[in-house]
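Heads up: the structure comes next, in structure tokens.
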Amino acid sequence: MMSGFGDATKIPELRKRIFFTLLMLVVYRLAVFVPTPGIDVDKLKSMFERAAGTLFGIANMFSGGALENFSVLALGIMPYISMSIIIQLLTTSIPHLEALSKEGEQGRRIITRYTRIGTVFLALFQSFVIARGLESQGVVADPGWGFRLLTMITLTAGTAFIMWLGEQITENGIGNGMSIIIFAGIVARVPSSLSQTFALVGTGELTPFALLALLVFSVLTVALIVFVERTYRKIPVQYPRRAVGKNIMQASTQYLPLKLNLAGVIPPIFASSVLVVPATFAQFSSNESLQKLASYFQHGTWVYESIFVFLIIFFAYFYTAIIYDPNQIADNLKKNGGFIPTVRPGKETAEYLDTILSRLTFWGGIYISVICVVPILVYAEFNASQFAYFLSGTAVLIMVGVMLDTANQIQSHIVARNYEGFLAKGPGKVRGGLSRAMQSRSGGRLIQR
């Protein structure tokens, strides 16, 4: 891995991309500390300490603490993620969007434009709801429509700025810009969580042996995630000998790779968002019955964990059914002359793929459930809640996934650079290089043909 990073720094274009990505992340982190006017920050922080398990706590985690500081980037990238998921769901049900998704790059640009417009409207709505909620909590210096309009404009502009940063990273940097911004927001909170955990050792609430056990357990959790995220089910696809133009393509066998975790981090995000709704309503309500009901929807209770696992598996099947269409895959294989051995093309191929996808999704859902539930229970047993909040479940899945994707892109740039460097040599240079190689392998005797 270290040699791979060394190779990356030797390639000028890749070095510029990495530097540009880091520069954009610095700009993002600086903007997190630019406050929105009209807020009592101390009262706001105390409110977020009470709302760690609500929707505000989750949004604060994904925004890298911007919501807790109520900066201009308080909404973070969540409106864009929500609108992207909504557009993806609508693509399967609205013929116009489905047609655009099949038109290649031009269609994707139009869908991206729709996503941006929808993100702006969603950000306006969310910022209005947040402004009203803050007014009800008494953390606003001068409540009224002036504060609400200022908050709506400021927070929506901040979300648009994050979208622009993410697109700039995607085009001119390394990796998916939106994912890297989320990654940066989560990682930025890890040092403070670790410091709070180490402080427990100083006060005697956590023994050094328990801290060491927690660190080892976290490393093993990350290793398990890396192993599973790089696990694929390879389905052999055979292509017979065929004529393409004036060329004859020989028979070949390729593989259709399907990840074990097909749905990624979407199931735990959806499941968490659903389960924190009762806690969120209880936070802003004085109804004792609602608060008692919300107490069951807390991490560590068997009701919460059971429903959480069920929702993760449900959303894993739901999201996989949206992004993977066995009938479309089977049709594409049939059009290109490919077939799966022992399986007839067409309907039987679609049924075969559907069976494999169902099995992979089930085990993928079990894997996500274990990653999201078991570490939290372990950390809670050691009374290290801050350690658990940022180093388990969805946060670790996102961090590891983004790191693996970025590493793969860096590796692709290195391979492409080396390949282009080989092709850039002229015929004489290539022949000379081959002759020197053959000479060195034959003990100094030049082989003539």
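The values are calculated or read from the model by the stated rules, or taken from the named source; none is laboratory data. Just so we're clear, the structure is a prediction, and the values are computed from it rather than from any experiment. Note that we place each Cβ from the backbone using ideal geometry, even for glycine, and neighbour counts take in every protein chain shown. Keep in mind that these areas ignore ligands, DNA and RNA; they rest on the heavy atoms of the full protein, side chains included. Shrake-Rupley method; radii C 1.70, N 1.55, O 1.52, S 1.80 Å.
Could you say which residue among 167, 98 is free of Cβ contacts under 8 Å to residues at least 12 places away in the same chain and within 30 Å of residue 327 (Cα to Cα)?
98
All but one of (1) out of contact with any Leu (no Cβ under 6 Å at 6 or more places or on another chain); (2) part of a helix (DSSP H, G or I); (3) open to solvent by 20 Å² or more (accessible area, probe 1.4 Å) hold for residue 110, so report the exception by its number.
(1)
Scan segment 205-228 for residues that are open to solvent by 60 Å² or more (accessible area, probe 1.4 Å) and more than 17 Å from residue 404 (Cα to Cα) and report the count.
Looking only at that region, the number is 7.
With the requirement that a residue be modelled with pLDDT under 80, over 21 Å from residue 133 (Cβ atoms) and of a type outside the set (A, V, I, L, M), what does segment 67-90 give you?
The one that is modelled with pLDDT under 80, over 21 Å from residue 133 (Cβ atoms) and of a type outside the set (A, V, I, L, M): 88.
Quick one: in segment 76-115, of everything that is small (Gly, Ala, Ser) and over 29 Å from residue 151 (Cβ atoms), which residue is farthest from the chain's Cα centre (by Cα)?
The selected residue is 99.
Which helices (runs of 4 or more DSSP H) does segment 352-449 wholly contain that include 3 or more residues that are of a type outside the set (Ser, Thr, Tyr) and modelled with pLDDT of 80 or more?
Where helices (runs of 4 or more DSSP H) fall fully within segment 352-449 and carry at least 3 residues being of a type outside the set (Ser, Thr, Tyr) and modelled with pLDDT of 80 or more, they are 394-423.
Checking the structure you have, find out if any residue of segment 7-24 is open to solvent by less than 30 Å² (accessible area, probe 1.4 Å), more than 22 Å from the chain's Cα centre (by Cα) and at pLDDT below 75.
Yes, some residue in segment 7-24 is open to solvent by less than 30 Å² (accessible area, probe 1.4 Å), more than 22 Å from the chain's Cα centre (by Cα) and at pLDDT below 75.
Which count do you get for residues in segment 338-351 that are part of a helix (DSSP H, G or I) and hydrophobic (A, V, I, L, M, F, W, C)?
1
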